[in-house]
Each structure stands twice: as structure tokens, then as C-alpha cells.
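The values are calculated or read from the model by the stated rules, or taken from the named source; none is laboratory data. The structure displayed is predicted, hence computed values, not measured ones. Please note: Cβ atoms are built from the backbone with ideal geometry, for glycine as well, and neighbour counts cover all protein chains shown. Remember, those area values only see protein heavy atoms, side chains included, never the ligands or the DNA or RNA. Shrake-Rupley method; radii C 1.70, N 1.55, O 1.52, S 1.80 Å.
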Amino acid sequence: MSHDHHHGPTIDPERLAYYQRMATAVRELLIEKGILTDAQIVATIKKMEARGPALGARVVAHAWVDPNYKTRLLLDGSAGVEELGIPVDGTRLIVVENTEEVHNLVVCTLCSCYPRNILGLPPDWYKKAAYRARAVKEPRAVLAEFGTVLSDSVSIRVHDSTADMRYLVLPARPAGTEGWAEDKLAALVNRDSMIGVQAAKEPEQ
Ligand code: FE
């Protein structure tokens, strides 16, 4: 059957990779069979693209200003995230808090499991063998390479993600942010601070 009536750019099929061709075929079939509309597919793709560190930053900032929320979040990360209207993806989320005594670092030694529903796609270095192996063996050295030099009195806990268990680091709230609104606090929370390789940003003086 001809697909000439379809909209969008015309791409030479030979130039499309196998999975791209398969994705296109499935998409066209879903629409043709009336299972999904093109608009629904576009909306879903938009939703997936909206997943990114800004969601995790909202969670962190809310935990910083609301101690009761923080308690709930640390008890059940998935429920805590859902409470803010952020969809959970079926994996269990565990939130670990950085304190003056403990620094948490997240890795997936097997592959690249990552809390994608709140952080989006993992950075390239997270997927590299070097990080995956060294984060466990010499976390202090790895952290130093990210510019995070911890005093010897701080113990480091490394959390190994799995297919059904993901971790999010709750970084320590920077000093000098008392009374700040959540939006302003969230801007201090970047991706790396929620993986644990860095601290949250310090407020500008
Ligand atoms: Fe993995």
C-alpha cells in the first residue's frame, strides 16, 4: 500500500537505519489501524523529551523547603516524585541524601540504568566503562576528577542501579539560600549534583 499521502519530510529509505525504519513502520501501522493518532504520538514524544534534570531539580528544591516532604521522599522516592505530579516509570526510585557525614554517588556497573523519568537521558560518561568500574573501586578519586574533593571525614556511599531500582541523590542545600523560593533553589540543582558527582551550585554573591 502506498504511503504517499503521509506528511512530513521524505527520507530515502535506504539511508534510514534499521530501527528508524522499524519505528516508522510501527508508527504508520498504529495510525493506519486507528490504534493511535498522529497527534497522540507527537504528544507522547514531546512528553518524553520534556523529561530532564529540571524535574529532578523540582523534587530536590521541594525537599529542601518542606521537611515533611523530604521525610516522605526519603522513605519512598517513587511516591514522593509522583506526589509532585511527575510520572513514575515502574522502576523503584530511591532518594539518598547527602549530609556533612555522607556523600552518595550513583552508578550502574552493569550498563547504564538511570532515573530517566526525572533526569532524562544519562550523560555519555555515565555509560562509559571507566566510570562504571572506577566509581565503585575508587569513588574518592573519581569525585575529585569532577572537581568534588571531599574531606576524609566524609564517607562515600556508592549506589549501584539495576533494571528495577534507580537512585537520585538529594544534594545538600547550599548555605546562603535561606528563605529562597523553590524556583530559585531549583536553579542551583543540576544533573551532576543529582548523580552525586558534584554538589549543588553555590548561590552567586
Ligand atoms: Fe544499567
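Remarks
- Binning all Cα-Cα separations of region 64-105 at 10 Å, short to long from zero, yields these whole-percent fractions: 29, 50, 20, 1.
- Where labels lie 7 Å past Cα in the beta-carbon direction, separation of ALA79 and ALA50 in nm: 2.6
- Per-residue [θ]222 nm for the chain (sum of -39500 (n - 2.57) over DSSP H runs n ≥ 4, rounded to 500): -12000 deg cm²/dmol
- Each label point was placed 7 Å from the Cα along the Cα-to-Cβ direction; for THR109 and GLN40 their separation is 4.3 nm.
- Counting charges near ARG140 (Lys, Arg +1; Asp, Glu -1) among other residues having Cβ under 14 Å from its Cβ returns a value of 0.
- Cα centroids of region 21-46 and region 76-128: 29 Å apart.
- A simple count of charges around PRO53, restricted to other residues whose Cβ falls under 12 Å of its Cβ and scoring Lys, Arg +1 and Asp, Glu -1, yields +3.
- Cα Rg, Dmax, the chain, angstrom units: 20.5, 69
- Summarising the strand pairing of region 86-205, around 10 percent of its internal DSSP beta bridges are antiparallel.
- Three-way shape call for region 78-156 based on the alpha-carbon gyration tensor, with the a/c threshold at 1.5: oblate
- Highest average first, the peptides 137-147, 32-42, 157-167 ordered by how many other beta carbon atoms sit within 10 Å of their residues are 157-167, 137-147, 32-42.
- Accessible-area composition of the chain, carbon plus sulfur, in percent [1.4 Å probe]: 56
- From the Kirkwood radius over Cα pairs of region 43-119, Stokes-Einstein at 25 °C and 0.890 mPa s returns a whole-number translational diffusion coefficient of 183 µm²/s.
- Per residue, region 111-205 exposes 52 Å² of solvent-accessible protein surface, assessed with a 1.4 angstrom probe and all protein chains in place.
- Kirkwood Rh and Cα Rg combined as Rg over Rh, evaluated for region 96-205: 0.97
- Placing +1 on the Cβ of every Lys and Arg and -1 on the Cβ of every Asp and Glu, with nothing else charged, gives region 43-95 a dipole about its Cα centre of roughly 120 debye.
- Neighbourhood charge, 14 Å Cβ-Cβ cut-off, centred on LYS70 and excluding it, Lys, Arg +1 and Asp, Glu -1: -2
- Checking Cβ-Cβ separations below 4.7 Å across the chain identifies CYS111 as cysteines lacking any candidate disulfide partner.
- Derived scalar couplings ³J(HN,Hα) [region 125-136; Karplus, 6.51 cos²θ - 1.76 cosθ + 1.60; whole Hz; x for Gly, Pro]: 5, 5, 8, 6, 4, 4, 5, 4, 7, 6, 4, 7
- Taking the Cα centre of region 69-205 as origin and assigning +1 to Lys and Arg Cβ atoms and -1 to Asp and Glu Cβ atoms, the resulting dipole is close to 480 debye.
- Here the chain carries DSSP beta bridges of which approximately 10% are antiparallel, counting only pairs with both residues inside.
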